[in-house]
Amino acid sequence: MAAAVEGGAAGRAAGAAAGAAGAAREEFPQPVVVSAPRAGGWVAPVVEQVLDVRFSQVRVPGYGPVLTRAYNRAIPGPTLRVRGGQTLRLTHVNGLPPNAPHHGGHNVPHHPNSFNLHTHGMHVCPSGEADNVLREFAPRTPEEVAAGMPEPRYSSTIHVPADHPAGTYWYHPHLHGATAEQIAGGMAGVVIVEGDVDDVPEIRAAADVVVCVNELKVRGGRVPAFTSGDWLTTAPSVFTVNGAANPTLTLRPGEVQRWRLVAATAFTALRVQVTGPGGGLAMHQIAQDGVTFPTPVSVRALEMAMGNRADVLVRAGTAGRFELRAAGVPVPLMTIEVAGEPVEPPMGLPDSLPQGRPFLDESDVAHAGADREVVFHTDPAVFPGAFPNAFRILGTHATPAAHHGGDLRRDPAHGLFDPAYVNHTLRLGTTERWTVRTDETAPVHNHPFHLHTNQFLVTHRNGLRLDPPVWHDTIGLAGGTPGQSVTFLVRYEDFTGRTVAHCHQLHHEDLGMMQNVAYVSGPAR
């Protein structure tokens with residue numbers, strides 16, 4: 001833990017909340033914060049942190065103890081604060097038991113005690129020891145345990161570009177076959193890239209509060225193994241905010257806080273709003289998926305697919321008790337108490353913001369083959385065994401069928417992830433247009449699309465143009481008649497290497513709803 005806990009914005013938010021309440025209650029939880037060491041006017045260029053993973057009995061306030069895999073024995077893991085031009089240097093300790101032997105296919109759960117690291121949404125290198133989700137941080141073998149060998153340690157070195165958009169991102173494991181079970185146990189943490197938006201006076205004056213929503217799957221006091229396709233329905237979801245069930249946050253009347261909402265959920269989309277007296281509290285959204293808007297947008301409800309982030313400013317009015325609620329979740333995510341001495345005059349909201357990324361233009365889509373299609377498609381009950389459903393990605397450059405001319409519904413390869421097959425070869429410097437849709441008919445079936453390394457600009461949703469367009473790295477697609485669709489522009493910049501695009505309903509991803517992407521400096525395909 002080379003970098004000390006930063007007492008700055010996160011600690012200030014928790015302390016202000018407790019003080020305003022004037023009551024003897026547990027403070028609103030905030031994850032441990034790690035940043036570069038500072039001395040006088042000097043700031044180190046490197047943020048260093050050890051991420052130790054092992055089975056831990058984690059106390060979840062408001063729920064009870066949970067035995068799970070965790071970063072540093074906590075849910076969520078430490079918050080990493082970094083600036084453009086700095087480097088994240090992470091050491092990963094795998095203290096988990098050996099993996100059981102696996103002799104099945106790659107599109108079923110396996111190796112649950114191996115992991116790696118994905119810095120979700122960040123525009124950083126996807127290769128080598130950076131944001132490389134094709135690596136494996138394996139535990140000791142049974143033979144190494146018997147021989148008393150030390151627990152293995154792995155390194156990640158992630159250089160953050162100097163012009164990286166300031167905003168809220170997150171990290172989590174991304175080893176194919178193990179991702180869903182690990183995130184269902186709370187293996188996640190927040191990354192904050194500091195920058196220009198933090199210097200807007202109204203934002204600088206506001207308490208900076210991380211609101212990381214985890215969805216734990218718990219049965220019998222522990223996260224059960226992912227052993228069948230009905231795993232999601234047999235283990236109930238426990239929703240936590242910063243590792244606690246329904247914690248209480250306090251604002252003074254007239255106070256403004258900046259909430260960094262993180263949907264660190266693997267299975268459930270969150271339509272969140274603040275309910276309570278007078279219709280609740282308005283949220284003034286200032287960023288989506290880490291990219292700052294040109295101006296704040298007042299919203300009563302936010303649609304957050306699995307993996308999304310939203311930065312919002314919330315200004316309290318008259319005293320009262322409010323709740324952050326998500327549609328379909330029977331209990332509040334957190335409680336908000338507006339209490340204490342009013343802030344006079346009330347804190348202000350900004351009129352304009354430093355836009356996080358310039359918009360792309362349709363005229364930039366010029367080369368042949370610049371339009372791609374992705375279709376999320378499920379064939380239910382087509383395979384024998386514990387995982388009968390086929391979760392496929394069809395459309396442009398779908399993974400070929402194993403049996404040409406056969407029954408594609410039952411084909412074991414058609415549209416499923418193949419580690420050896422590159423679905424999309426994307427040339428640096430080009431801008432392309434993608435259309436992504438789902439052909440699911442049930443609205444509850446949500447397939448969020450996530451592209452690694454490069455954020456994309458959503459220009460149309462369900463055929464309707466957005467004005468203005470919105471930057472995303474993950475976008476939810478619910479089923480229906482027809483299912484939802486989005487069209488976006490994306491420019492491939494800066495980094496070559498192989499990575500993935502996939503459904504961020506993570507048990508679908510583990511079962512094959514993923515594609516390989518190769519960023520190259522040569523021709524696009």
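The values are calculated or read from the model by the stated rules, or taken from the named source; none is laboratory data. From a predicted model like this one, the values you see are computed outputs, not experimental measurements. Cβ sites come from the backbone with ideal geometry, for glycine too, and all protein chains shown count toward neighbours. Just so you know, the surface numbers come from the protein's heavy atoms only, side chains and all, with ligands and any DNA or RNA stripped out. Shrake-Rupley method; radii C 1.70, N 1.55, O 1.52, S 1.80 Å.
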Can you run phi through the Karplus equation (6.51, -1.76, 1.60; θ = phi - 60°) for region 388-403 and list ³J(HN,Hα) in whole Hz, with x for Gly and Pro? x, 8, 9, 9, 10, 10, 9, x, 5, 6, 5, 4, x, 6, 6, 10
What is the distance in Å between the Cα centroid of region 252-320 and that of region 373-444? 34 Å
All other residues with a Cβ under 11 Å from the Cβ of Val312 taken together, and with Lys, Arg as +1 and Asp, Glu as -1, what is their net charge? +3
Which residues' amide hydrogens lie under 5 Å from the amide hydrogen of Leu466, considering only partners 5 or more residues apart or on another chain, with H built in the peptide plane? His460, Arg461
With θ set to phi - 60°, apply the Karplus curve 6.51 cos²θ - 1.76 cosθ + 1.60 along region 211-222 and write out the HN-Hα couplings as whole Hz, x wherever there is a Gly or Pro. 10, 9, 9, 9, 10, 8, 9, 10, 9, x, x, 8
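Return the loop-located trypsin sites (Lys or Arg not before Pro) in region 287-359 (DSSP other than H, G, I, E, B) with at most 16 other Cβ atoms within 10 Å of their own Cβ; answer none if there are none.
Hits after loop and neighbour filter: Arg300.
How much accessible area per residue does region 142-190 have, in Å², with a 1.4 Å probe?
Numbers: 1640 Å² over 49 residues.
So region 142-190 comes to 33 Å² accessible per residue, rounded to a whole number.
In Å², what does the accessible area per residue of region 321-402 work out to with a 1.4 Å probe? Before the final figure, lay out the partial values.
Working: 3860 Å² over 82 residues.
I get 47 Å² per residue for region 321-402.
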Along region 83-99, Karplus-curve 3J(HN,Hα) (6.51, -1.76, 1.60; θ = phi - 60°) to the nearest Hz, with x for Gly and Pro, reads 10, x, x, 8, 10, 8, 10, 10, 10, 9, 9, 9, x, 7, x, x, 6
Net charge around Pro350, counting only other residues with Cβ within less than 14 Å of its Cβ (Lys, Arg = +1; Asp, Glu = -1)? -3
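Place a +1 charge on the Cβ of each Lys and Arg in the chain and a -1 charge on the Cβ of each Asp and Glu, then give the dipole magnitude about the Cα centre in debye, rounded to the nearest 20. Please list the in-between numbers first.
On the way: 39 positive and 48 negative charges, 152 e Å.
Around 720 debye, computed over the chain.
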Helix 9-21 sits at what angle to the longest principal axis of the chain, using alpha carbons and giving 0 to 90 degrees rounded to 10? 50 degrees
Read through the labelled values (i) 1.06; (ii) 1.11; (iii) 0.94 and report the label of the one computed as Cα Rg over 2.2 N^0.38 Å from the structure. (iii)
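Enumerate by residue number the trypsin sites (Lys or Arg not before Pro) in region 35-111 meeting two conditions: DSSP loop (anything except H, G, I, E, B), and at most 16 other Cβ atoms within 10 Å of the site's Cβ.
Filter output for region 35-111: Arg73.
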Using amide H atoms built in the peptide plane, which far-off residues or other-chain residues are under 5 Å from Ala178 H to H? His110
At 1.4 Å probe size, with the rest of the protein present, what percent of the exposed accessible area of the chain is carbon and sulfur atoms? 55 percent
Dipole of the chain (Lys/Arg Cβ +1, Asp/Glu Cβ -1, origin at the Cα centre): which of Gly348, Val190, Pro482 lies farthest to the positive side? Val190
What residues have an amide H closer than 5 Å to that of Ala207, excluding those fewer than 5 places away on the same chain, when H is modeled at 1.01 Å from N in the peptide plane? Arg258
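Could you work out [θ]222 nm for the chain from helices alone, using -39500 (n - 2.57) per DSSP H run of at least four and dividing by all its residues? Round to the nearest 500 deg cm²/dmol.
On the way: 6 runs with 36 residues, N = 525.
Only helices count here, giving -1500 deg cm²/dmol.
Using a probe radius of 1.4 Å on heavy atoms only, what accessible surface per residue do you get for region 90-137? Whole Å² is fine.
Values: 1560 Å² over 48 residues.
Per-residue accessible area for region 90-137 comes out at 32 Å².
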